[in-house]
Amino acid sequence: MKLFKCQNCGQVLYFENTRCESCGYPLGYLARAMTVSALEPDGDLWHAMASPERPLRLCDNAKYDACNWLVDTDGAATLCLACRHNHVIPDLTIPLNLERWKLLERAKHHLFYSLLRLKLPLKNRIDDPTHGLAFDFLADTPDAATPKVMTGHDNGLITIALVEADDAERERRRTQMHEPYRSLLGHFRHEVGHYFWDVLVRDGVRLEDCRAVFGDDTLDYNTALQTHYQNGPPANWQESYVSRYASTHPWEDWAETWAHYLHIIDTLEMASAFGIKVQPRISKDGTLSAAVDLDPYETADMTTIIDAWLPLTFAMNSLNRAMGNPDLYPFVLSPAVVTKLSFVHDVIHGRPAP
């Protein structure tokens with residue numbers, strides 16, 4: 001994620017801000033310029049100070065305080081590029097649903113920032129009714145006999161259980177599943193990884209290359225899932241997988257690795273935006289130094305990204321420990337995992353297999 005600033009007063013802004021805390025100007029996110037912009041009113045429309053040549057409107061979901069993205073007025077669309085991928089949203093007349101949905105939307109928009117930065121193909125269900133990317137945000141029913149909503153992916157349709165936006169419930173599930181990390185953004189990154197396996201690997205003529213790195217995806221998925229939940233991961237799983245769940249099946253290994261790839265590049269971009277320098281990093285001659293001064297979304301070599309990431313995680317984890325908190329990034333990137341991350345990087349950037 002980049003840093004943004006108010007074009008009116010220069011105040012540093014968060015991606016989610018809707019109003020500048022310094023000068024009071026309303027704000028909106030301009031996806032084609034990939035920037036948060038101060039807004040000047042023009043009747044019922046707005047002019048973005050970052051790109052004032054044409055009027056814009058706010059996404060319809062702005063009325064719920066669920067979106068701050070801008071929409072061009074030269075078409076019929078009333079939803080922004082990210083919100084057009086919504087398929088089902090919960091009953092917003094229920095206050096708890098509304099509050100949880102807003103948290104899901106915040107995570108989803110953060111995801112779309114990365115997908116757009118990576119220039120990935122983003123067809124919605126209007127563009128591609130059978131396999132476009134779409135989201136169902138579903139609440140459990142009050143009936144205890146009804147099965148609970150399960151987060152997952154099916155042919156481009158990603159379901160996110162609304163209850164995941166409840167911090168206490170998410171922590172309970174994290175502990176129950178023996179996970180060191182569980183977040184809404186992590187769910188989005190993982191599930192969209194399944195979608196892009198279909199788009200970039202299966203349909204992108206990279207299937208055999210992927211199998212050489214991640215294993216045979218023709219193994220029965222349901223059987224693999226049952227085996228994982230009954231027996232747990234293999235004893236040496238950290239040598240080959242980024243997480244316990246990644247060891248379940250090659251599809252989950254890809255999705256977990258994809259999610260971590262997005263974790264890494266987005267965090268590195270933020271560190272670079274702040275001009276963070278990390279010391280120490282252990283080098284061959286024993287000296288210790290590192291500077292995060294790259295654009296990970298445009299960096300061609302995954303080794304360069306990893307070389308910046310490892311010392312940054314050591315620093316972040318050390319800071320968290322100093323506050324008495326768990327590691328911010330509680331994962332080990334073994335050589336095998338780095339190879340998988342490199343494959344994801346190459347597939348995203350359209351590079352052929354070596």
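Numbers for the structure displayed
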| item | result |
| --- | --- |
| Cα pair count fraction exceeding 28 Å, expressed as % - segment 7-161 | 26 percent |
| Cross-link partners of Lys5 among aspartates and glutamates (Cα-Cα below 20 Å; sequence separation of 8 or more within a chain) | Glu16, Glu21, Glu40, Glu53, Asp266, Glu269, Asp293, Asp295 |
| Ordering of 194-200, 184-190 by packing [mean C-beta count within 10 Å, highest first] | 184-190, 194-200 |
| Shape category assigned to segment 127-170 from the gyration tensor of Cα positions, a/c cut at 1.5 | prolate |
| Within a Gaussian network of the chain (alpha carbon springs, distance under 10 Å), most fluctuating of Tyr245, Tyr261, Tyr229 | Tyr229 |
| Average accessible surface area per residue within the chain, 1.4 Å rolling probe, Å² | 50 Å² |
| Per-residue [θ]222 nm for the chain (sum of -39500 (n - 2.57) over DSSP H runs n ≥ 4, rounded to 500) | -11500 deg cm²/dmol |
| Amide H contacts under 5 Å for Phe4, placed H, 5+ residues apart | Leu13 |
| Long-range HN-HN contacts of Thr73 with modeled amide H, under 5 Å | Arg57 |
| Rounded to whole Hz, the Karplus (6.51, -1.76, 1.60) HN-Hα couplings of segment 67-78, x for glycine and proline | 7, 10, 7, 9, 10, 5, 9, 8, x, 8, 5, 10 |
| Additional length obtainable on full extension of the chain from Thr223 to Arg182, 0.36 nm per residue less Cα span | 12.3 nm |
| Expected-Rg normalisation [2.2 N^0.38 Å, Cα atoms] applied to the chain | 1.03 |
| Normalised contact order of the chain, rounded percent, pairs of Cα under 8 Å and 6 or more residues apart | 11 percent |
| Accessible surface of the chain, 1.4 Å probe, proportion on carbon and sulfur as whole % | 54 percent |
| Segment 160-272: radius of gyration over Cα atoms, expressed as a fraction of 2.2 N^0.38 Å | 1.12 |
| Table column - 3J(HN,Hα) (Hz), segment 123-130, Karplus curve with 6.51, -1.76, 1.60, x for Gly and Pro | 8, 8, 6, 7, 5, 9, x, 9 |
| ³J(HN,Hα), Karplus 6.51/-1.76/1.60, whole Hz, each residue of segment 225-242, x for Gly, Pro | 5, 4, 4, 4, 6, 7, 10, x, x, x, 4, 9, 4, 5, 6, 10, 10, 7 |
| Peptides 77-84, 205-212 ordered by average Cβ neighbours within 10 Å, highest first | 77-84, 205-212 |
| Unit Cα scatterers, Debye sum, segment 139-212: log10 I(q)/I(0) for q = 0.11, 0.18, 0.20 Å⁻¹ | -0.39, -0.82, -0.92 |
| Max mean-square fluctuation residue, GNM over the chain, Cα-Cα springs under 10 Å, options Lys102, Lys340, Lys148 | Lys148 |
| Translational diffusion of segment 40-119, µm² s⁻¹ [Kirkwood Rh, Cα pairs; Stokes-Einstein; 37 °C; 0.692 mPa s] | 239 µm²/s |
| Overall Cα dimensions of segment 65-110 - principal axes, largest extent first, Å | 35, 21, 17 |
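The values are calculated or read from the model by the stated rules, or taken from the named source; none is laboratory data. Keep in mind the model is a prediction, meaning the values are calculated, not measured. Note that each Cβ is placed from the backbone with ideal geometry, even for glycine, and that neighbours are counted across all protein chains shown. Protein only, heavy atoms only, side chains kept; ligands, DNA and RNA dropped before computing areas. Shrake-Rupley method; radii C 1.70, N 1.55, O 1.52, S 1.80 Å.
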